[in-house]
Amino acid sequence: MTQHLATTDRPADAPADAARRADWWRDAVIYQVYPRSFADANGDGMGDLPGIRSRLPYLRDLGVDAVWLSPFYASPQADAGYDVADYRAVDPMFGTLADADHLIADAHDLGLRIIVDLVPNHSSDQHEWFQQALREGPASPLRERYHFRPGKGDSGEVPPNDWESVFGGPAWTRTENPDGTPGDWYLHLFAPEQPDFNWEHPAVREEFHAILRFWLDRGVDGFRIDVAHGLVKAAGLPDLGAHDPMKLLGTGATPCFDQDGVHEIYRTWRTILDEYPGQRIGVAEAWTPTARRTADYVRPDELHQAFNFQYLASSWQAGALRQVIDESLEAMRPVGAPTTWVLSNHDVTRHATRFANEPGLGTQIRLAGDRELGLRRARAASLLMLALPGSAYVYQGEELGLPDVTDLPDEVRQDPSYFRAAGQDGFRDGCRVPIPWSGSEAPYGFGPEGGRSWLPQPAEWAHLSVEAQAGDPTSTLELYRAALAFRRAHPALGGADNLTWQDAPDGVLSFERTSPDGSVLRCTANITGHPVTVPSPGELALASEPLTQDGPHTVLPADTTAWWTTG
Ligand code: GLC
């Protein structure tokens, strides 16, 4: 029996050196922090910026390059902060602007970059612009900054078109005029508390240029751009006609998403990003129908990266994975952008739970499934992902192997789409449960002892805490630490677009990455569901489960990925 974690030295280059690297984003590992659920310094049950700041050394030691923070701006929290009332203010629930400044400074001192979330498709209905537009009534020019329209029907009682909200229900809400009579309707592709901006209006464009500069001046290293494919709508807001329920992934071309006009916006944003030193980046959250359409967002004069949702949506099946890996790499080649890889985020069921269930159930699952199998596959999937060329995203808690919490009672749920019929995203609270750091009782170090957490943590999470896993070579946390350190140190595991598939039995994926100096990394993932014996290609570096040597062969257990160095 071989110890499944080969000894891995600390990174060859200290994080601070890595962060100074040119083109740092081409192979960066970017860790998503969901501020509500990461660490709670003031004990109110909700995570906050001082909490995140106190945990930055953990992230440095984990070995990531950058941290992406989901929104912490002033917000009524109708969609957990993706409804922004003031883009230049920190919500008191999360701290102050000074806390944000300290967080950015501390991160930089530790060699970590900070990427903030920008939500340009819509504001909160409490945003001053929207409130003013409502107050001033139908004739107000301020209404042109959003999409206000008269209704159809005899008395305007029918929505202006047939678009549906991604969260379920119509994408339009009727307003009341200042005199109390029923008024125009406004468009919201998400919750009614999230009115869509009209990006044809120059004031909207200028405002976002100023917001970009506001945060760039404070030192952020980039922006994750929320619903980047939604800003521009087809002229005239035409009906969709007969269609499937509106979804972010899996919806073909529509008049609401992925219109060609969005690209001009990102070309301008790129010139702003490039004015600042140190390679500040833009990352598109663009749910497009194909990888090729995604590539348009990362042309050389547009954004730097786009999330690879086709990869996220793939099942744990060798054929499907190989196809999406090939298509993703191929799609990015003509534009020269790095491919990204992502398995989990705050909008989907965690991959440890997705892979615990039958394939084909999608990315919103409320079934716990076979937890042991899910964790085993998740570990194998993560090791596979971290060997692929390009940049990878890690969602907080996946390094602990956290499953989704699938049995949250209705009364604690906050996801707005859970309460709207036919919404696609109703189960998102399950991946947003606060992180267990230490101790044997909730809130497990998320906040002060005896405190609480805004979503309840399951009793079994005591065994999954950072404290419980640190130093245990068989733990998922130590697997991630070893994999990230190895990835940083091994020259073949950079962002360079090279991957050579190797012959392998059905259901086994095996590829090599070769560095310019000729050193080779072989990654083999056994997705067959049973043990497979393969020739040992070199020296074992890391494996997601213990391996058995059989002379010149290695027995790869089911759902296991291994890395070897050769040459
Ligand atoms: C993005 C966010 C999601 C949010 C939605 C509306 O998809 O990731 O959390 O609900 O946009 O802003």
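The values are calculated or read from the model by the stated rules, or taken from the named source; none is laboratory data. Keep in mind that what you see is a predicted model, and the values were worked out from it rather than measured. Every residue, glycine among them, receives a Cβ derived from its backbone with ideal geometry; neighbour counts consider all protein chains shown. Note: areas computed on protein heavy atoms with side chains; ligands, DNA, RNA excluded. Shrake-Rupley method; radii C 1.70, N 1.55, O 1.52, S 1.80 Å.
Quick one: grab the alpha carbon gyration tensor of the stretch 447-567, order the square roots of its eigenvalues as a ≥ b ≥ c, and give me rounded if a/c is under 1.5, else prolate or oblate depending on whether a/b is larger than b/c.
On the way: a/c = 2.54, a/b = 1.76, b/c = 1.44.
Verdict is prolate for the stretch 447-567.
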Please go through the stretch 104-157 and write out the GluC sites (Glu not before Pro) that DSSP classes as loop and that have at most 16 other C-beta atoms within 10 Å. 157
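Indicate, rounded to the nearest 5 percent, the antiparallel portion of the DSSP beta bridges found entirely in the chain. Each step should come with its number before you reach the end.
Working: 41 of 66 bridges.
Around 60 percent of the beta bridges assigned by DSSP in the chain are antiparallel ones.
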Throw me the Rg/Rh for the stretch 388-471, computed over C-alpha atoms with Kirkwood Rh, two decimals. 1.03
Under a 1.4 Å probe, counting only protein heavy atoms, residue 367 has an accessible area in Å², nearest 10, of 100 Å²
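Loop only by DSSP, 13 or fewer other Cβ within 10 Å of the Cβ. Give me the GluC sites (Glu not before Pro) in the stretch 445-521 that pass, ordered by residue number.
Numbers: sites: 449, 460, 467, 478, 512; in loops: 449.
Listed in order of number, the matching sites are 449.
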Among 282, 203, 266, whose Cα lies farthest out toward the positive end of the dipole of the stretch 167-312, if unit charges sit on the beta carbon of Lys, Arg (+1) and Asp, Glu (-1)? 282
At 1.4 Å probe size, with no ligands or nucleic acids counted, give the accessible surface of residue 405 in Å², nearest ten. 10 Å²
Sort out for me the Cα centre separation of the stretch 326-388 from the stretch 149-167, rounded to whole Å. 38 Å
Solvent-accessible surface (1.4 angstrom probe) belonging to residue 540, in square angstrom, nearest 10: 40 Å²
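Given a Förster distance of 25 Å, report the FRET efficiency between residue 101 and residue 267 from their Cβ-Cβ distance, rounded to the nearest 0.05.
Working: r = 30 Å, r/R0 = 1.19.
Plugging the Cβ-Cβ distance into 1/(1 + (r/R0)^6) gives 0.25.
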Short version: ³J(HN,Hα) in whole Hz for each residue of the stretch 133-145, in order, from phi by Karplus 6.51 cos²θ - 1.76 cosθ + 1.60 (θ = phi - 60°), x for Gly and Pro, what are they? 4, 5, 4, 7, x, x, 7, 5, x, 5, 5, 6, 7
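To the nearest 0.05, what FRET efficiency results for residue 237 and residue 217 with a Förster distance of 56 Å applied to their C-beta separation? All intermediate terms of the calculation are to be shown ahead of the outcome.
Details: r = 36 Å, r/R0 = 0.64.
Computed FRET efficiency for residue 237 and residue 217 comes out at 0.95.
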Compute the angle between helix 262-274 and the longest alpha-carbon principal axis of the chain, please, reported from 0 to 90 degrees and rounded to the nearest 10. 70 degrees
What the 5 Å binned alpha carbon P(r) of the stretch 269-368 shows, as percent of pairs per bin from 0, is 2, 13, 21, 20, 17, 12, 8, 4, 2, 0
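Let me know the Kirkwood hydrodynamic radius for the chain, please, with Cα pairs as the basis and the value in Å to one decimal.
Kirkwood radius, the chain: 24.4 Å.
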From the phi of every residue in the stretch 371-384, what ³J(HN,Hα) in whole Hz does the Karplus formula 6.51 cos²θ - 1.76 cosθ + 1.60 yield, where θ is phi - 60° and glycine or proline is x? 4, 5, 5, x, 5, 4, 5, 4, 5, 5, 5, 5, 5, 5
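At R0 = 22 Å, how high is the FRET efficiency between residue 108 and residue 210 if r is their beta carbon distance? Nearest 0.05 is fine. Let's see the in-between values first.
On the way: r = 23 Å, r/R0 = 1.06.
Computed FRET efficiency for residue 108 and residue 210: 0.40.
Rg over Rh of the stretch 29-137, using C-alpha atoms and the Kirkwood radius, what does it come to? Write out the running numbers ahead of the final one.
Working: Rg = 15.0 Å, Rh = 14.5 Å.
So for the stretch 29-137, dividing Rg by the Kirkwood Rh gives 1.03.
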Simple spin-label model, 7 Å along Cα-to-Cβ: residue 54 to residue 176 in nm? 4.4 nm
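What number, rounded to the nearest 500 deg cm²/dmol, is the helix-based mean residue ellipticity at 222 nm of the chain, given -39500 (n - 2.57) per DSSP H run of at least four residues and division by all its residues?
Value at 222 nm, helices only, nearest 500: -6500 deg cm²/dmol.
Could you work out what % of the accessible surface of the chain is carbon and sulfur, using a 1.4 angstrom probe and leaving DNA, RNA and ligands out of the count?
Details: 10400 of 20330 Å².
For the chain, the apolar C and S fraction of the accessible surface comes to 51 percent.
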The stretch 147-186, relative contact order [Cα under 8 Å, separation at least 6], %: 38 percent
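Under the 0.36 nm per residue contour assumption, what length would be gained going from the current alpha-carbon distance of residue 317 and residue 131 to full extension?
Working: separation 186, 0.36 × 186 = 66.96 nm, distance 4.94 nm.
Working it through step by step, the gained length comes to 62.0 nm.
Just the number please: accessible area per residue for the chain, 1.4 Å probe, all protein chains included, in Å². Spell out each step's value before the answer.
Details: 20330 Å² over 567 residues.
With the other protein chains kept in place, the chain gives 36 Å² per residue.
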Length-normalised contact order for the stretch 255-326 - Cα pairs under 8 Å, 6+ apart - percent: 27 percent
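Going from most exposed to least, what order do 233, 152 have by accessible area with a 1.4 Å probe?
Per-residue accessible area, sorted high to low, gives 152, 233.
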Tell me, what is the percent relative contact order of the chain, built from C-alpha pairs under 8 Å that lie six or more residues apart? 15 percent
